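A short write-up of the structure that comes next.
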Amino acid sequence: MTKWLKTPVRQVFNLSYPNLTEDEVIALYGERINAVKFFRHINYVPKVYYLQNGAFEYDMNNHLLPFLTDLQDMPDDCEINNIKVELYYNPKLKHAAVSKQETIDYVNMAKKI
């Protein structure tokens, strides 16, 4: 979550943790705001279906790549299930959601991993 655009992150932190600084939130609740930290905390990685618009460079560099990089540092005894990364390419969509039908199709694919 800390790799998101700064304004939405500040808004979420201010609403959820109004009396804490961003650094305090990250230090105290890292497992709540970072999926890989949570996986490391529980020593388990569930099946993951990661859908990403490959045309949106910001999300590729700040969301997908850090997620995959952080997964490489999981403890050796951690149970890790299948992780499927699905890339689609739509420069016009950027960070916006795919259509309702495409969402349904991707959810149905995710159920098969």
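Has region 48-71 got any residue that is exposed (fewer than 13 other Cβ atoms within 10 Å of the Cβ), within 17 Å of the chain's Cα centre (by Cα) and part of a loop (DSSP other than H, G, I, E, B)? Checked region 48-71: no residue is exposed (fewer than 13 other Cβ atoms within 10 Å of the Cβ), within 17 Å of the chain's Cα centre (by Cα) and part of a loop (DSSP other than H, G, I, E, B). Applying a threshold of 9 Å to beta carbon distances and a minimum spacing of six or more residues, or different chains, the list of pairs starting in region 12-24 at a residue that is without any contact (Cβ under 8 Å) to a residue 12 or more places away in the chain and more than 14 Å from Asn34 (Cβ to Cβ) and ending at one that is aromatic (Phe, Trp, Tyr) and in a helix (DSSP H, G or I) reads Ser16/Tyr29; Leu20/Phe13; Leu20/Tyr29; Thr21/Phe13. Across region 14-25, a minimum of one residue is classified as in a helix (DSSP H, G or I), open to solvent by less than 50 Å² (accessible area, probe 1.4 Å) and among the β-branched types (Val, Ile, Thr). Entry remark, region 87-97: residues being farther than 10 Å from Leu51 by Cα, surrounded by 13 or more Cβ atoms within 10 Å (Cβ to Cβ) and in contact with a helix residue (DSSP H, G or I) (Cβ under 9 Å, 6 or more places away or on another chain) number 0 in total. Within region 58-70, residues that are closer than 15 Å to Ile83 by Cα reach partners that are open to solvent by less than 40 Å² (accessible area, probe 1.4 Å) with beta carbons closer than 7 Å, at six or more positions or on different chains, in the pairs Leu64/Gln52; Phe67/Val36; Asp70/Val36. Residues of region 34-47 that are in a loop (DSSP other than H, G, I, E, B) and at pLDDT 95 or above: Asn43, Pro46, Lys47. No other residue among Lys37, Lys84 is within 23 Å of Glu102 (Cβ to Cβ) and open to solvent by 40 Å² or more (accessible area, probe 1.4 Å) apart from Lys84.
Taking the conditions (1) in contact (Cβ under 8 Å) with a residue 24 or more places away in the chain; (2) under 24 Å from Val98 (Cα atoms); (3) in contact with a strand residue (DSSP E or B) (Cβ under 7 Å, 6 or more places away or on another chain) in turn, Val45 satisfies each one other than (2).
Within region 3-12, does at least one residue satisfy the condition of being in contact with a helix residue (DSSP H, G or I) (Cβ under 8 Å, 6 or more places away or on another chain), open to solvent by less than 80 Å² (accessible area, probe 1.4 Å) and not in a loop (DSSP other than H, G, I, E, B)? Among the residues of region 3-12, at least one is in contact with a helix residue (DSSP H, G or I) (Cβ under 8 Å, 6 or more places away or on another chain), open to solvent by less than 80 Å² (accessible area, probe 1.4 Å) and not in a loop (DSSP other than H, G, I, E, B), which makes the answer yes.
The values are calculated or read from the model by the stated rules, or taken from the named source; none is laboratory data. Please read all numbers here as calculations on a predicted model, not as lab measurements. Glycine gets a Cβ as well: all are built from the backbone with ideal geometry, and neighbour counts include every protein chain shown. Ligands, DNA and RNA are excluded from the accessible area calculation, which covers all protein heavy atoms including side chains. Shrake-Rupley method; radii C 1.70, N 1.55, O 1.52, S 1.80 Å.
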